[in-house]
Amino acid sequence: MTTIHYTIAVLQPHTHLIEVTVHIVPDATAHHIQLQMPIWTPGSYLVREYARHVRDFAVHQGDQLCQWHKQDKATWVVTGFDARRPLTVYYRVYAYDLSVRTNHVDETHAFFNPAALVMTVVAV
């Protein structure tokens, strides 16, 4: 069974960036891991493409960088890792759209919509 833990931080609100760290303990038989962002939100039936706001995507296993590629506009695939060891995924999301469908961060507040911020993890 895959275990997933998310940490969300706003360390420099003036940059309008939300930092997301995903700690993954993969299933011991996993060959690759897919991370996906939705392209729409319930109640808002337009294509939103939240992944376009993702910056600085990286995956580590201990001190080692892991291989990854972007499969399509909303899916990242991680390969070449040891399934017996935890992975750490890091990315930042630009958040300067004042809407209930997206994320907004400035010096006065931080609002985020998990659908527009958190990647779904699929271990395969």
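None of the figures in this text is laboratory data; all of them are computed from the coordinates on show. Remember, it's a predicted structure, so these values are computed and weren't measured experimentally. Cβ atoms come from the backbone with ideal geometry, glycine included; neighbour counts cover every protein chain shown.
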(message) Restricting to the stretch 69-114, and then to whatever is more than 15 Å from HIS32 (Cβ to Cβ) and in contact with a Lys or Arg (Cβ under 8 Å, 6 or more places away or on another chain), can you tell me which residue is surrounded by the most Cβ atoms within 10 Å (Cβ to Cβ)?
(response) VAL93
(message) Being part of a strand (DSSP E or B) and either out of contact with any strand residue (DSSP E or B) (no Cβ under 8 Å at 6 or more places or on another chain) or closer than 19 Å to ILE4 by Cα (or both) is true for just one of VAL77, VAL100, VAL47. Which residue is that?
(response) VAL77
(request) Please enumerate the residues belonging to the stretch 22-46 that are surrounded by 15 or more Cβ atoms within 10 Å (Cβ to Cβ), farther than 16 Å from ASN113 by Cβ and β-branched (Val, Ile, Thr). (result) VAL22, ILE24, VAL25, ILE33
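How many of the residues making up the stretch 103-124 are in a loop (DSSP other than H, G, I, E, B), within 17 Å of the chain's Cα centre (by Cα) and over 27 Å from ALA30 (Cβ atoms)?
3
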(request) Take the residues in the stretch 21-64 that are among the charged types (D, E, K, R) and on the phi < 0 side of the Ramachandran plot, then tell me which one is nearest to the chain's Cα centre (by Cα). (result) ARG55
